[in-house]
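Report on one structure; see the data block that follows.
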Amino acid sequence: MDQANQITVLFIIKPERGAGAEMVLVEAAARLNPDRFQVICGLLTPDAEKVIPGRLPTVDFLMPGLNGWVWLRFFFQLCWVIYRRRVDLLHVNSYVPGNYARLAAALMQAPIVIDHWHGFTRFNAKRRFICRFLGRFTDLSLAVSRGVRDYLVTQGGLNPAKVRVVANGVDVAAIDAARPGPLMRRELGLPEGSTVIGLVGRLDHWGKGHQELFTAMAQIRERHPVHALIVGGGRRMDEVRRLAESLGLAGQVHFLGPRRDVPDLLNAMDIFVLPSYSEGVSLALLEAMAAGLPVIATEVGGLPEVVTDGENGLLIPPRDAGALAEALTRLLGASDFAKKLGQNARKHVREHYSLDRLGREINEIYGELVKQKFGGGV
């Protein structure tokens, strides 16, 4: 391969503003060196081009749904795209589309294949076999935390020599440009002087800890009446809303649905909570920390790699509403301590979890793999 030519990179993504894992790949693609890498974004979902930077070319796989026979069609379409576009490097995200994409790359002999893991996929015997088999055709697996990496090795059977940690990154510039908190509070109709807790996460299941948050709010209501902003949509929205109402919190919990202005909403919050049952590294948590909010997170997955208890946030056990109530009471009763946690969180995330850092790492990784495959450098 002539090293003077650009390396053609194809990302396979289904980006949505509310899907942080997918947006990480979009942001990484936008930060690749344009002199060395020709980036193409392969889109799996309708209207995804709305969240793709305008300078990046796209390929729409026209999938009406992400199930059934459409995956077979996707497989053959992707084989054609790899051949027609002469793809040198395939970077895939998400378990199911990633499997079909890696199989297509193996068939079409794409030189470099990378898969990206953002969380804890449940591995049964079938999935372990698939991962080990496709691992033979995968040059590198990227994990967003050490916890995810260790899980992939022990539970998924991946070769530890081919798994590398690359932490997520957040858009610090967007956070700095966010609208002022008082303005956002007025727009949201929040009572003046109220204390506001925020939780950002999809409502497709109970795993983000909404139940624990509402229970904790009910427990501290007499001493510390607070309001909560619930950001995110999903199929369990009505169930979660009914839970808040059953606990007498209808006037205190505000369901905002999917939003594209999360940095603005963060400025309307006093405390950010993420009582998840399982988590790789939450982009919402990183954004809240970068905005200087004191955070409370569960001690699961990769969260303890970001949050140091008592230094830049508080860690609690998962599924423990009492522990969450105690942590909230601690922050609400000690404003100086809460402020210190927020300041430390802001500094930590901006130093270690910026998008610029993510872009540099991805460029370096691609350069290493290209050198291994083709010799020379990029």
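Note on the range 86-109: residues that are in contact with a strand residue (DSSP E or B) (Cβ under 7 Å, 6 or more places away or on another chain) and small (Gly, Ala, Ser) total 3. Residue pairs whose Cβ atoms lie under 8 Å apart, separated by 6 or more positions or on different chains, with the first residue in the range 152-164 and over 13 Å from PHE120 (Cα atoms) and in the same structural domain as TYR366 (by TED's automatic domain parsing) and the second crowded, with 16+ Cβ neighbours inside 10 Å and of a type in the set (Asp, Glu), are LYS162/ASP139. Here is the figure for the range 153-173: residues that are assigned to a helix (DSSP H, G or I) and within 17 Å of the chain's Cα centre (by Cα) total 1.
If you filter the range 324-356 down to residues that are basic (Lys, Arg) and crowded, with 17+ Cβ neighbours inside 10 Å, you find that the one that is nearest to LYS162 (Cα to Cα) is ARG350. For the range 283-294, indicate whether the set of residues that are crowded, with 23+ Cβ neighbours inside 10 Å, in contact (Cβ under 8 Å) with a residue 60 or more places away in the chain, in contact with a His (Cβ under 8 Å, 6 or more places away or on another chain) and assigned by TED's automatic domain parsing to the domain that holds GLN343 is non-empty. So far as the range 283-294 goes, yes, one or more of its residues are crowded, with 23+ Cβ neighbours inside 10 Å, in contact (Cβ under 8 Å) with a residue 60 or more places away in the chain, in contact with a His (Cβ under 8 Å, 6 or more places away or on another chain) and assigned by TED's automatic domain parsing to the domain that holds GLN343. Among the residues making up the range 299-315, a single one is on the phi > 0 side of the Ramachandran plot and surrounded by fewer than 23 Cβ atoms within 10 Å (Cβ to Cβ): GLY310. Output the residue which, of all residues in the range 206-249 that are crowded, with 21+ Cβ neighbours inside 10 Å and of a type outside the set (A, V, I, L, M), is nearest to ASN267 (Cα to Cα). Checked the range 206-249; the qualifying residue nearest to ASN267 (Cα to Cα) is HIS227. Taking the range 174-189 only, how many residues are surrounded by fewer than 18 Cβ atoms within 10 Å (Cβ to Cβ) and in a loop (DSSP other than H, G, I, E, B)? The qualifying residues number 4. In this structure, does PHE120 turn out to be closer than 20 Å to LYS14 by Cβ and modelled with pLDDT under 95? When the stated conditions are applied, PHE120 passes them.
Flag not set for LEU203, criterion: modelled with pLDDT of 95 or more and either in contact with a strand residue (DSSP E or B) (Cβ under 9 Å, 6 or more places away or on another chain) or buried (at least 23 other Cβ atoms within 10 Å of the Cβ) (or both). In the set VAL92, VAL148, only one residue is crowded, with 22+ Cβ neighbours inside 10 Å, at pLDDT below 95 and over 20 Å from ASP60 (Cα atoms); that residue is VAL148.
The values are calculated or read from the model by the stated rules, or taken from the named source; none is laboratory data. On a predicted model such as this, the values are computed, not experimentally measured, just so you know. For neighbour counting, all protein chains shown are included, and Cβ atoms are generated from backbone atoms with ideal geometry for every residue, glycine included.
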